[in-house]
Amino acid sequence: MEQPTPLTDPERTWAAVAHLAPLVGYFILIGQILLPLAILLWGPKSPFVQAHAKESLNGQISYTLYGLALFLLAITVVGLVVALPLALALLVLVLWNMIQGALAAGRGEHYTYALILRLVP
């Protein structure tokens, strides 16, 4: 049986950037989605990098949808009393997954985000 090709440093770096780039993207309208998408479309075509970019993209799409739902709940049904703690919990979850994904990529491992929709196969 043939051994898999070892990962290169640039592959691990690109995979980690796919997880951390949304931190910068949050300062640009939907940049948190566009940056992992750009890495998926125009970054290295390594299966490892592509898998991490897809995971990050799925996570950012999902968490953006959850954030919008919380915003709508805050202004309509439950108000800030309930929505604010949920938004803080979502923020912790997002940051945790991004950091853990980047660390796993740096180690050459795959990572699966928690509580996301698999919209990009």
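So which residues in the range 78-91 are of a type outside the set (Gly, Ala, Ser) and surrounded by 12 or more Cβ atoms within 10 Å (Cβ to Cβ)?
If the condition is that a residue be of a type outside the set (Gly, Ala, Ser) and surrounded by 12 or more Cβ atoms within 10 Å (Cβ to Cβ), then 78, 82, 84, 86, 90, 91 are the ones that fit.
With respect to residue 75, is the statement that it is open to solvent by 40 Å² or more (accessible area, probe 1.4 Å) and at pLDDT below 90 true?
When the stated conditions are applied, residue 75 passes them.
Given the options 25, 59, name the one that is open to solvent by less than 20 Å² (accessible area, probe 1.4 Å) and at pLDDT 90 or above.
Matching residue, one of 25, 59: 59.
How many residues are more than 18 Å from residue 23 (Cβ to Cβ), β-branched (Val, Ile, Thr) and in contact with a helix residue (DSSP H, G or I) (Cβ under 6 Å, 6 or more places away or on another chain) when one looks only at the range 89-121?
Qualifying residue count for the region: 1.
What number of residues in the range 62-121 are among the β-branched types (Val, Ile, Thr) and in contact with a Ser or Thr (Cβ under 9 Å, 6 or more places away or on another chain)?
So the answer is 1.
Residues of the range 92-121 being closer than 12 Å to residue 63 by Cα, at pLDDT 95 or above and open to solvent by 90 Å² or more (accessible area, probe 1.4 Å), which ones?
Within the range 92-121, just 92 meets the criteria.
The values are calculated or read from the model by the stated rules, or taken from the named source; none is laboratory data. Bear in mind the structure is a predicted one, so any value in this text is a computation, not a measurement. Note: ideal-geometry Cβ built from the backbone for every residue, glycine included; neighbour counts use all protein chains shown. Ligands, DNA and RNA are stripped out before the accessible areas are found, and what is left, the full protein with its side chains, is counted by its heavy atoms. Shrake-Rupley method; radii C 1.70, N 1.55, O 1.52, S 1.80 Å.
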